[in-house]
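The values are calculated or read from the model by the stated rules, or taken from the named source; none is laboratory data. All of these numbers come straight from a predicted model, not from anything done at the bench. Please note: Cβ atoms are built from the backbone with ideal geometry, for glycine as well, and neighbour counts cover all protein chains shown.
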Amino acid sequence: MDFPKILEEAGGRVRAVSDAINVKTIEVRDQALTRIGVDPADLKKLDQVPLICAVVSLLINFLLFGAILNFSWLKATALSGGQPFSAYLSLTAVQFGTPNDPTADNKFFCEAGRHQCSLNALCAAEEDPSFFTNGLPKSTPTGAWCAAARAGATALSLLWLGFIPGLAATAFTGLYAGKDISMVGELLKKLEGFQFNERMHKWAVIGCWASLWVFLFITMTVYAAMIPDTLGWGVVNIEASFGLLRLSFVLVSIFGAILTSTLFNLWHAGNVIEAWEEYCETKLLTFKKALYLELMLQLSLYLFLIVSTVDWSGALIILAGFYLDTKNKNFLLMYLVLVTISILFDVIHAAELPSFNNMTPGESFGATLWIVIFLLKPLILLTIYAYEKYETEQQPYSNVDEYRNDEEAIAE
């Protein structure tokens with residue numbers, strides 16, 4: 001049985017189906033644009049990098065809005081009459097219960113039937129004078145609730161202010177992306193009468209992104225500094241809503257840097273384009289293509305894992321990427337050693353993971369992503385082995401003397 005031929009035929013059928021779906025999708029898109037009076041040809045005039053950054057900035061605004069409305073800012077253990085209860089804090093209120101029923105114990109802290117307890121109300125409540133024999137209070141001190149209320153109010157104010165540069169970044173970046181479209185171009189020409197030329201437009205875009213970056217950093221720092229250390233039992237743990245701020249901060253940092261470099265020509269994307277073309281030209285049903293897809297999937301998962309925690313082992317993907325791009329086996333060797341160490345530590349972490357029933361939604365989200373990332377690591381190793389064995393010529397590892405000789409030859 002000729003497996004290479006079978007794989008090639010299967011790949012051809014997959015590509016044919018993919019091309020047909022792509023053509024149909026473009027037809028539907030063009031029809032929808034025509035209905036709203038937009039020429040589909042104008043899409044080709046959009047500046048791609050600013051357009052992608054505008055979409056990302058809009059996504060960031062949605063992430064921030066979602067974080068504001070969520071009860072996943074803090075998780076702690078509160079006390080009432082000497083009994084501990086799990087507390088889940090938003091910026092303005094708190095719920096008491098279990099991960100499966102987060103409002104089950106609200107009756108011990110606020111009026112019966114209420115879905116949430118106001119932090120300001122708990123701060124204003126009368127202090128419980130009872131103490132344990134070791135001198136610790138039997139109920140959460142009002143001072144802790146007041147600290148949580150102040151931290152939440154400050155963060156909420158900063159986030160609402162942050163929407164101003166956030167929405168402005170989306171608008172100005174979107175306008176710059178469409179500057180070659182006639183309708184947008186006419187609008188920008190009118191603004192030139194107010195001294196708003198292209199250079200001013202670029203600085204407005206960068207200024208909005210920089211302001212959003214500063215607001216996010218200040219919000220995270222101030223909130224982390226102002227929250228109470230404890231609600232009476234154990235420590236306070238930062239949860240997934242704060243993680244959304246971390247994710248937004250990383251996205252602003254990455255795409256803001258890319259946008260700045262593009263607008264002011266601070267870098268040349270030749271190598272990136274070359275790497276992308278090599279990826280596109282790689283046949284679909286090959287181990288190399290599978291390795292590309294696995295690494296990109298893992299990188300995406302690491303990015304979303306920031307909501308739960310920052311895992312710096314994601315930087316190992318850079319080594320694998322350099323190996324694929326340069327074919328240098330030194331990068332492969334470094335990746336294999338470090339990822340093997342990472343897998344061994346991951347096994348220990350997997351053994352200590354608690355049951356999902358005892359996790360909050362944020363913890364469950366992070367644990368699920370981490371498990372998928374963990375399972376991808378040995379799969380990537382197997383794919384590298386298959387790629388090296390069946391799709392590349394065996395070459396000896398480069399050594400220091402060879403690099404020295406190469407450098408001397410270049411110098412001559």
The one condition SER211 fails out of (1) closer than 30 Å to GLU127 by Cα; (2) modelled with pLDDT of 90 or more is (1)
Contact list, first residue from the range 354-374 and closer than 15 Å to LEU305 by Cβ, second anywhere and surrounded by fewer than 18 Cβ atoms within 10 Å (Cβ to Cβ) and among the polar types (S, T, N, Q), beta-carbon distance below 7 Å, six or more apart or interchain, is GLY366/THR309
Number of the condition not met by SER157 [criteria: (1) small (Gly, Ala, Ser); (2) within 24 Å of PHE242 (Cβ to Cβ); (3) touching a residue at least 12 places away in the same chain (Cβ under 8 Å)]:
(3)
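Could you tell me whether any residue of the range 221-234 is charged (D, E, K, R), free of Cβ contacts under 8 Å to residues at least 12 places away in the same chain and surrounded by fewer than 22 Cβ atoms within 10 Å (Cβ to Cβ)?
From the range 221-234, those charged (D, E, K, R) are 229; that's our starting set.
Then keep just the ones that are free of Cβ contacts under 8 Å to residues at least 12 places away in the same chain; that gives 229.
In the following step, the residues that additionally are surrounded by fewer than 22 Cβ atoms within 10 Å (Cβ to Cβ) were identified as 229.
Yes, the range 221-234 contains a residue that is charged (D, E, K, R), free of Cβ contacts under 8 Å to residues at least 12 places away in the same chain and surrounded by fewer than 22 Cβ atoms within 10 Å (Cβ to Cβ).
Any idea which of THR340, THR360 is in the same structural domain as LEU375 (by TED's automatic domain parsing) and in contact with a strand residue (DSSP E or B) (Cβ under 8 Å, 6 or more places away or on another chain)? Spell out how you get there, then give the answer.
Details: THR340 fails: in contact with a strand residue (DSSP E or B) (Cβ under 8 Å, 6 or more places away or on another chain).
None of the others qualify; the one that does is THR360.
Can you find, within the range 152-204, the residue that is surrounded by the most Cβ atoms within 10 Å (Cβ to Cβ) among those that are among the aromatic types (Phe, Trp, Tyr) and not in a helix (DSSP H, G or I)?
Of all residues in the range 152-204, those among the aromatic types (Phe, Trp, Tyr) come to 160, 163, 172, 176, 194, 196, 203.
Those left that are additionally not in a helix (DSSP H, G or I): 194, 196.
On the way: PHE194: 8, PHE196: 14.
Of everything passing the filter in the range 152-204, PHE196 is surrounded by the most Cβ atoms within 10 Å (Cβ to Cβ).
SER355: closer than 30 Å to LEU175 by Cβ and either in contact with a Lys or Arg (Cβ under 7 Å, 6 or more places away or on another chain) or hydroxyl-bearing (Ser, Thr, Tyr) (or both), yes or no? Outline the logic, then answer.
Numbers: closer than 30 Å to LEU175 by Cβ: no; either in contact with a Lys or Arg (Cβ under 7 Å, 6 or more places away or on another chain) or hydroxyl-bearing (Ser, Thr, Tyr) (or both): yes.
Considered against the rule, which asks whether it is closer than 30 Å to LEU175 by Cβ and either in contact with a Lys or Arg (Cβ under 7 Å, 6 or more places away or on another chain) or hydroxyl-bearing (Ser, Thr, Tyr) (or both), SER355 comes out as no.
Rundown of residues vs (1) over 20 Å from SER253 (Cβ atoms); (2) buried (at least 16 other Cβ atoms within 10 Å of the Cβ), yes/no style:
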site	(1), (2)
VAL49	no, yes
ALA78	yes, yes
VAL94	yes, yes
ASN100	yes, no
Out of the range 210-261, which residues are of a type in the set (Gly, Ala, Ser) and in a helix (DSSP H, G or I)?
ALA210, SER211, ALA224, ALA225, ALA240, SER241, GLY243, SER248, SER253, GLY256, ALA257, SER261
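Name every residue in the range 69-85 that is of a type in the set (S, T, N, Q) and touching a strand residue (DSSP E or B) at 6+ places or on another chain (Cβ under 6 Å), in order of residue number. Break it down into steps so the answer makes sense when it comes.
From the range 69-85, those of a type in the set (S, T, N, Q) are 70, 72, 77, 80, 83; that's our starting set.
Passing the criteria: only THR77.
Among what's in the range 357-366 and is over 15 Å from the mean Cα position of the chain (by Cα) and under 19 Å from GLY243 (Cα atoms), pick the residue that is surrounded by the most Cβ atoms within 10 Å (Cβ to Cβ).
GLU363
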Taking the range 281-334 only, how many residues are among the hydroxyl-bearing types (Ser, Thr, Tyr), touching a residue at least 24 places away in the same chain (Cβ under 8 Å) and assigned to a loop (DSSP other than H, G, I, E, B)?
3
Scan of the range 211-223 for residues that are within 18 Å of the chain's Cα centre (by Cα) and either hydrophobic (A, V, I, L, M, F, W, C) or not assigned by TED's automatic domain parsing to the domain that holds ALA257 (or both), ordered by number:
LEU212, TRP213, VAL214, PHE215, LEU216, PHE217, MET220
